[in-house]
Amino acid sequence: MIAALGNSEYLSRRTAPLLRELNGTDGPLLVGSDHPGSPRSAVPIDGIEVMDREAVLARPNVDAVYVSSATGRHFDDCRAALAAGKHVLVEKPVSLAAAEARELDSMARACDLTVFECLSYPYHPGWTDFLARVHVENWADSVTVSAVFRIPGREPTDFRRHPRHGGAAADLGTYCVDALVRLGAVAEDFDIGALLFEDSETDGGAAITRRPIGGRTFTYTGSWAIGDSYANSVVIADPYRRLELLRAFSPRVDTPGVVVARRADGEEPTVVATSEPTNATRACLTAGMGHLRDSKEAGLVDCPAILRRIATLGEVTATTLA
């Protein structure tokens, strides 16, 4: 059975029903919290039973834990779950430091347990369609690849605003750097920095690198911000055309992914690929459970790639944490 650590808004809104679905039971999802008696936890939520964190980890019928705590707690919660003999599904990023992710991988291997980082967007078929279209295009010599994820300001009490949880780099930068690497960038080659805004409440960053591939020069740029206007897309372009995947990082639940082509001559955009409606979170969780229960893969799944990404963003998150 799957339980959860961290009584987050995202868990109750999006993930809890899917975890109960995976459990195959009408019973509530057990959610461990440090404050089970707090006003928020006392409010009944359909399908969720909030209890003490240690009580959840002590349950012998719980074999897997979904970590939905604030980002800065991921490492400690994953480590506690592994120490209790539980497999782990953890919201991205698995930790804020590469050394922590490496420790979780070693611990999971020693315990013959699996840690799976839940980064949902690549599991939506819209992303697969976008990659396929990118690879068949006859791009010119100079190509730009951009990933942008910006969201309006959160309340001051939102964990994303707290320095110890890594800020925008951990929350949104993870998506941008991950997508650019999947499109051919080398994580270690990125120049990463904070963006400066007139509005001191806005937290943002950027990444850039260049790489020659097949006789072409690819320029990769990513930008992210909390407190700025909304933007959510991945675009690849040359002087003649561009392909764009809208809402790349948070596709709406059970809606198709749409890939749009635009030409530099100003023609109207054309839809070139439409995927089946999909819940990306369900697809990601299903893949995670495949690693936990079917392949029984010990350690942190995709550990080398995750380590490189966390290390790449480490300078910005370390500055935030300071």
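The values are calculated or read from the model by the stated rules, or taken from the named source; none is laboratory data. Small disclaimer: the values here were computed from a predicted structure and weren't measured. Cβ sites come from the backbone with ideal geometry, for glycine too, and all protein chains shown count toward neighbours. Quick note on the areas: whole protein, heavy atoms, side chains included, nothing else; ligands and nucleic acids left out. Shrake-Rupley method; radii C 1.70, N 1.55, O 1.52, S 1.80 Å.
Within the shell of other residues whose beta carbon sits under 14 angstrom from the beta carbon of Arg211, the net charge comes to -1, with Lys and Arg scored +1 and Asp and Glu -1. Split the accessible area of segment 161-306 by element, probe 1.4 Å, and carbon with sulfur accounts for 50%. Across Glu117, Glu21, Glu315, the residue with the most accessible area heads the list, and the full order at a 1.4 Å probe is Glu315, Glu21, Glu117.
For segment 273-284, the Karplus equation 6.51 cos²θ - 1.76 cosθ + 1.60, evaluated at θ = phi - 60°, returns couplings of 7, 9, 8, 5, x, 8, 8, 4, 5, 4, 4, 5 Hz by residue, with Gly and Pro reported as x.
Structure remark: mean-square fluctuation, Gaussian network model of the chain, C-alpha springs under 10 Å; the largest value among Arg133, Arg164, Arg73 belongs to Arg133. When shorter helices are ignored and each DSSP H run of at least 4 residues is given -39500 (n - 2.57), the per-residue value for the chain at 222 nm works out to -8500 deg cm²/dmol. Between the listed residues Leu243, Ala140, Leu195, the Cα displaced farthest toward the positive end of the dipole of the chain, a dipole computed from Cβ unit charges relative to the Cα centre, is found at Ala140.
The alpha-carbon atoms of the chain, seen along their principal axes, cover 62, 42, 39 angstrom, with the largest extent given first. Shown here are the Rg and Dmax of the Cα trace of segment 1-103, at 12.9, 39 Å. Here the chain carries DSSP beta bridges of which approximately 55% are antiparallel, counting only pairs with both residues inside.
Entry comment: accessible area of the chain is 45 Å² per residue, from protein heavy atoms only and a probe of 1.4 Å.
Charged neighbours of Ala185, selected by a Cβ distance under 11 Å, balance to +2 (K, R count +1; D, E count -1). Between Val272 and Arg210, the distance separating the two model label sites (each 7 Å from Cα on the Cα→Cβ line) works out to 2.5 nm. For segment 208-250, the set of chymotrypsin sites (Phe, Trp or Tyr not before Pro) satisfying both a DSSP loop assignment and a count of at most 12 other C-beta atoms within 10 Å is given as Tyr230, Tyr240.
Across segment 122-222, the fraction of Cα-Cα pairs farther apart than 23 Å, rounded to a whole number, is 36%. For segment 163-251, averaging the sequence separation of C-alpha pairs within contact (under 8 Å, six or more residues apart) and dividing by the residue count gives a relative contact order of 24 percent.
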